[in-house]
Amino acid sequence: MVEHVVMVGAGFSGAVIGRALADEGFKVTVLDARDHVAGNCHTARDADTGVMVHTYGPHIFHTDDTQVWDYVTGFSTFEPYKNRVKSTSQGQVFSLPINLHTINQFFGKTMRPQEARDFIAAQAEDIADPQTFEEQALAFVGRPLYEAFFKGYTEKQWGCSPRDLPASILKRLPVRFNYDDNYFFHAHQGMPSEGYTVLVERILDHPNIDVHLNTEFDPNKGHSYDHVFWSGALDGYFGYAKGRLGYRTLDFEEFHHEGDWQGCAVMNYGDPDVGHTRITEHKHFSPWESHEGSVLYRESARACGPEDIPYYPIRLVEEKALLADYVTSAEAERNVTFVGRLGTYRYLDMDVTIREALDCAQAFLAARKAGTPAPVFSKAPL
């Protein structure tokens, strides 16, 4: 008898797992409450300008995982793309991540790499074991650069003092002592030429996969599926019975312009008296295209309410305690696997999401072959 599984959510997690199981002969139903696939990676053409818009904010694909890169490029042509972020701070425009140009411009110097290393080392504060975001930044680059590029931006993004955030948030941000302004350093970087939604649609294009949009799934109402893959919010699966896990959400103020408004894809705003965190100009995410008109998002972050789209899991002490309670409840469930960013309450880049989805599908198939229970989580949240 053919097993029938359901993917709750048509983002990368549901699509990749669903395709892997469909290839093995499973009947797969994919449900999504929205009217499109691809989740927060959804892209669509603006009707007036023709610009490919990243509806829920920009997503740049970057990875060192060659298998994941081969997987996505097997469904879509990817165009080369380098993420070169700028930041407006203290009345000037700087290049991010902090690099030799940023350092020389900010301090009005013409230092060579080793001179800049020594200079920044002298700026850095002697903090042996940084525990907070602020301590990590001060030990990393010193107070002037911290206050110009990290302090105000972080307060706006997270809605709290950098003293209240863990040091781990900052550890993945590079400082370069050369003039390389490519934000990422991964071997594979690019953008799908037709957008992420077309890419996910192609992953889901399989005779064993049935997709239903504008469709909710209520785990409490019973179902006839042999297994459920849940990529919605972990606390949402349990009806938020223990309380809501904390997230930050994003607001986008869309505006249009004829011509080129800011000359780059992403402009950060580090000054605390500027309400938004950044402005994104979407035609610059597709530099191989040409458009006279332009679509821009003025982006701001705030606490996520019950009706908002969750973007960034907060994962501070209070949330981790609540998360542990939900993990205990999840481990008592049968025939359900929690996957993806929301299902495991972790911030995941796209490549990591796809890697975990591929691994999750293989773990599920191995469990079925061995006659053992499938894993409850694609990756442990704690």
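Throughout, read-outs are computed from the coordinates displayed, never taken from laboratory work. Because the structure is predicted, anything quoted here is derived from the model rather than measured. FYI the Cβ positions are ideal-geometry reconstructions off the backbone, even for glycines, and counts take in every protein chain you see.
Where does each of LYS283, LYS221, LYS151 land when they are ranked from fewest to most other beta-carbon atoms within 10 angstrom?
LYS221, LYS151, LYS283
Averaged over all directions, how much area does the convex hull of the C-alpha atoms of the range 99-169 cover when projected, in nm²?
4.8 nm²
Rounded to the nearest 0.05, what FRET efficiency is calculated for THR372 and VAL198 with R0 set to 25 Å and r the Cβ-Cβ distance?
E between THR372 and VAL198, to the nearest 0.05, is 0.10.
Relative contact order for the range 55-211: what percent, with Cα pairs under 8 Å and sequence separation of 6 or more?
RCO, the range 55-211: 38 percent.
Once you sort the root eigenvalues of the Cα gyration tensor of the chain as a ≥ b ≥ c, which label holds: rounded (a/c under 1.5), prolate (a/b larger than b/c) or oblate (the other case)?
Because a/c hits 1.5 or more and a/b exceeds b/c, the chain counts as prolate.
To the nearest 10 degrees, how steeply does helix 317-331 sit against the main Cα axis of the chain, on a 0 to 90 scale?
Roughly 20 degrees, rounded to the nearest 10.
Neighbour counts of other C-beta atoms within 10 Å: give me ARG368, ARG143, ARG341 arranged from fewest to most.
Fewest-to-most ranking of ARG368, ARG143, ARG341: ARG143, ARG368, ARG341.
Would you list LYS369, LYS86 from fewest to most Cβ contacts within 10 Å?
Going from sparsest to densest Cβ surroundings: LYS369, LYS86.
Testing the spin-label approximation: label points 7 Å from Cα along Cα→Cβ at ASP271 and ASN208. State their distance in nm.
Placing both labels 7 Å along Cα→Cβ, they lie 5.8 nm apart.
Given springs between every Cα pair under 10 Å in a Gaussian network model of the chain, which of ALA128, ALA321, ALA357 has the largest fluctuation?
ALA128
Hey, how much of the P(r) for the range 1-104 falls beyond 18 Å, as a percent of Cα pairs?
That fraction is 67 percent.
Taking a cut-off of 27 Å between Cα atoms, list the lysines near LYS379, but don't count ones fewer than 8 places away on the same chain.
LYS379 reaches LYS27, LYS171, LYS221, LYS242, LYS320, LYS369.
Please give the helix 350-370 orientation as an angle from the longest Cα principal axis of the chain, in degrees from 0 to 90, rounded to the nearest 10.
Approximately 30 degrees, to the nearest 10.
About its Cα centre, how strong a charge dipole does the chain have in debye, to the nearest 20, once Lys and Arg get +1 and Asp and Glu get -1 at the Cβ?
In debye, rounded to 20, the chain gives about 720.
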